[in-house]
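Working notes, structure below.
Laboratory data are not the source of any read-out in this text; all were calculated from the coordinates shown. Remember, predicted model here, so these are calculated numbers, not experimental data. Neighbour counts run over all protein chains shown; Cβ positions are idealised from the backbone, glycine included.
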Amino acid sequence: MPAAVPKLPDDQLDALAAAYAGATAAKRRHVFIGGILLVLAVVLAAWSSEVSITKFSENVWRFPAYFAGTIPSISLATFSADVAEWLWGIKRWLRLLGDTILITYLGTLAGAIGGFVLCFLASANLVRSPAIVFVTRRTLEFCRTVPEIVFALIFVLAFGLGPLPGVLAIALHTTGALGKLFAEVVENIDNKPVEGVIASGGNWFQVVRFAALPQVLSNFVSYALLRFEINVRGAAVMGFVGAGGIGQDLIEAVRKFYYTDVSAILMLIVITVMVIDLVTERVRHRLIGMESDR
Amino acid sequence: MTSMHTPLAVDGASVALRYPQYFRTNWRFRAQVGSFLAVALAFIVIGIVQLEIPFDRLLSGIFKLGDFGRLMLPPDPGSSANAALYLRALGETVSIALLGTLGGAILAFPMSLLAARNVVANKVVHFLSRRSLDTVRGIDTLIWALIWVSVVGLGPFAGVLALICSDFGSFGKLFSEAIEATDKRAVEGVRAAGGSHLHGVRFGLLPQVVPVLASQVLYYFESNTRSATIIGIVGAGGIGLQLAEQIRVLEWQKVSFIILLILIAVSAIDWISSRLRFAIIGRRAVT
C-alpha cells in the first residue's frame, strides 16, 4: 500500500543532497584508494608466491578427483565387509587417536599450569615491579608466536621420537597463549578484594589466593577448555614431525597414496574434533552460566 | 611491604560465632572439587602410562635443549646470500598469508549467507552448510597443505590453496555468526519501504556486517602469518621450509636467525593489522 511521502522544498533539498553527495564521495574516495592498495598488494603477493592460473586450471580437477579417489567402494550387497575393509586399521587408528587426545590433555594441562603461574606475574595490578611484568610478558609472547610444530621439530631432536616432544611442544605454546589470556582476565578484576586482603595483612600469595583467584577461576577453566579444543587439531598433526599421535599414520597414507586410508583417518579426526567441540562447548556454557548466577 | 601492616587482633572464635554462614564447611562443594581433581589426576596417570613417557629422557633432553640454546647465540644467517634467501622466503610467507586470507574470505562470504539463519530460513540448508563448514574446519591447515601439495605439487601455491581451504571453514562460521547477530530492524525498514529480500540483505544487512567482517579478516591475516610459517614443513613454500631444513641439519645459529625473522614479521603485521582494525571499527574489542 503506497503512502504519499511529503517532499521538501527544492532549496532545502539541494543543500541536503549536496551534503549527502559530499559524504558519499569522500567515502568512495577512501574505498577507492584502499582498493587500489589492496590490488597492488595482491599482485605483489601473487608474484611472490608463484600463483599460476594455468597451473591451477590444469591441476584443479585433481582436487575433487583426489577426494573422489579416497571414497571407498562400498556396495550395499557386501556392505559390512566393505566397511570392514575400508576401516581395516581401525584398532590401530583408534589407539593413535586416543594417544592424540592424551597428548592434548597432558600438554594443555601442563600449559594451563604454566600459564596460571606466569599470568599473575604478568599482571600490572598485582606486581609492582614493571621489570618482572615486562620480562614475563615478552616470554609469553615468544612462546605464543613460535608455532607448536616448530617447538616439536626441535624437541624431537632433544627428547627423541615419540609423544613426549609433542606434549612438551603443546605445553610450551599453550603456556604462551593461555598466559596472555589469563593475564588479561586478572588485570580486569575488581580491585576491592585485593585491597581488602592487603589491608588485613595478607602477603602476595594470600592476595592471589583469596582476592584474585575466586574472581578469575571460572574464566580460566573456560579458556583452558577452548584451548584444549584448539590443541586437539594441533596434536593431530604432531605426528608429521615424529611427535606422536595419529599424524604419523596420516602423513604416511598421504605420501604413499593409500587413498582410502586417508579418507578413513580424516573422517576419524573430523568426528573426534566435532565431538570434543560439542562437549567443551556444553561445559563452557555451563561455566559461563554459573558465573552469571553469582 | 606487607610486614608494615600488623593484622588486627581479632578474636576468631567470636567472629565465627557471629557469622556462621562464612565458616561452615561446604562438604558437598569439597567433594565435587575432590572428585574433579581425582579424575584429572587419573587421566594424567593414564596418559603417562599409555604414552610411555620416558622420564629418564626428560632430564637429558633438557640438557640437550640447553646446549641447543647456547649454540643458537648469536643468531647468524651464515652469509648475506643466505640472509637474502630467508628474507625472500619470509616475503613468500607473508604473500601466502595475504592471498590465503583474502581468498578464504571471498569464498566464505556467500557460504556464510547460506549458513546464517536470518538470511536463508531453510533449516536443511542451514544444517548442511553449518556441518560442511565444521568438517572443513576440523581439518588442520597442515593437512590441507599436505593434500594440496599432492594436487598442485610442491611450492608456495599449494600453501595459498591450503590457507584458503582452512580459512573458508573458520570465516564461514565467524561471518555467519556476525550476520546472525545483526539488528533486524534495518532489514525490516528496507522491506517496509518496498525493497525485495535481496535489497534487504544489500542495504539493511551488509552495512552492519562489513566493518565486523573486515576486522575479522585483518585479525586472521595476523594469525595466518603464523600458520603460513609452518606449512613449509610439508613442502608448501615459505620460510617454514628453510626453518625445518636448518633444524634437521642442526644449524642452530641459522635456526635462531629465522625464528627471529618470524617473530619480527609477526609482530609487525600484528601492529599494522590492529591499527587498521581500530581505524575500521574504532577501539572496541573484536568478537
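Using only the Cα atoms of region A:220-282, build the gyration tensor, take square roots of its eigenvalues as a ≥ b ≥ c, and label the shape rounded, prolate or oblate: rounded if a/c is under 1.5, else prolate if a/b is larger than b/c, else oblate. It comes out oblate by the Cα gyration axes. For chain B, the dipole from Cβ point charges (+1 on Lys and Arg, -1 on Asp and Glu) about the Cα centre works out to 1000 debye, to the nearest 20.
In this structure, the pairs whose alpha-carbon distance is over 26 Å, taken from A:Lys27/A:Lys180; A:Lys27/B:Lys123; B:Lys64/B:Lys254; B:Lys123/B:Lys173, are A:Lys27/A:Lys180; A:Lys27/B:Lys123. Our coupling estimate for region B:12-21, obtained by passing each phi through the Karplus curve with A = 6.51, B = -1.76, C = 1.60 and θ = phi - 60°, is x, 5, 6, 5, 4, 5, 7, 10, x, 5 Hz, Gly and Pro reported as x.
Cα centroids of region B:24-40 and region A:95-154: how far apart, whole angstrom? Answer, in whole Å: 27.
Between the alpha-carbon centres of region A:165-180 and region B:181-217 there is a gap of 41 Å.
Taking every alpha-carbon pair within chain A, the share separated by more than 27 Å comes to 64 percent. Membrane-span-like helices of chain A, defined as complete DSSP H segments with a Cα extent of 18 Å or more along the helix axis and a mean Kyte hydropathy of at least 0.0, are identified as A:10-48, A:90-121, A:130-145, A:163-187, A:213-236, A:259-293. Size of region B:13-68: Rg and Dmax of its alpha carbons, in Å, are 21.8, 62.
Given a 10 angstrom Cα cut-off, can you work out which residue in A:Arg284, A:Arg209, A:Arg137 is the most mobile in a GNM of chain A? Looking only at A:Arg284, A:Arg209, A:Arg137, the biggest GNM fluctuation is shown by A:Arg209. Taken as entire DSSP H runs, the helices of chain B that both span 27 Å or more between Cα atoms along their own long axis and average -1.0 or more on the Kyte-Doolittle scale are B:27-50, B:80-115, B:156-180, B:206-230, B:252-281.
Rg and Dmax, both from the Cα atoms of region A:1-61 and both in Å, are 23.1, 63. Ignoring the sites themselves, chain B has its longest run without trypsin sites (Lys or Arg not before Pro) in a DSSP loop having at most 10 other Cβ atoms within 10 Å at B:25-282. A Cα-only calculation for region B:80-281 places Rg and Dmax at 19.8, 69 Å.
Stokes-Einstein diffusion for region B:187-287, with the hydrodynamic radius set to the Kirkwood value over Cα pairs and evaluated at 37 °C in a medium of 0.692 mPa s, equals 199 µm²/s.
Counting only residues at least eight positions apart within a chain, or on another chain, the lysines with an alpha carbon under 30 Å from that of A:Lys91 are A:Lys256. With unit charges on the beta carbon (Lys/Arg positive, Asp/Glu negative), name the residue among B:Phe68, B:Asn26, B:Gly12 whose Cα is farthest towards the positive pole of the charge dipole of region B:12-72. Highest projection toward the positive end goes to B:Gly12.
Rounded to the nearest 0.05, the FRET efficiency derived from the C-beta distance between B:Arg28 and A:Asn125 at R0 = 41 Å is 0.80. Computed over all pairs of different Cα atoms, the Kirkwood value for the hydrodynamic radius of the protein assembly as shown is 27.1 Å.
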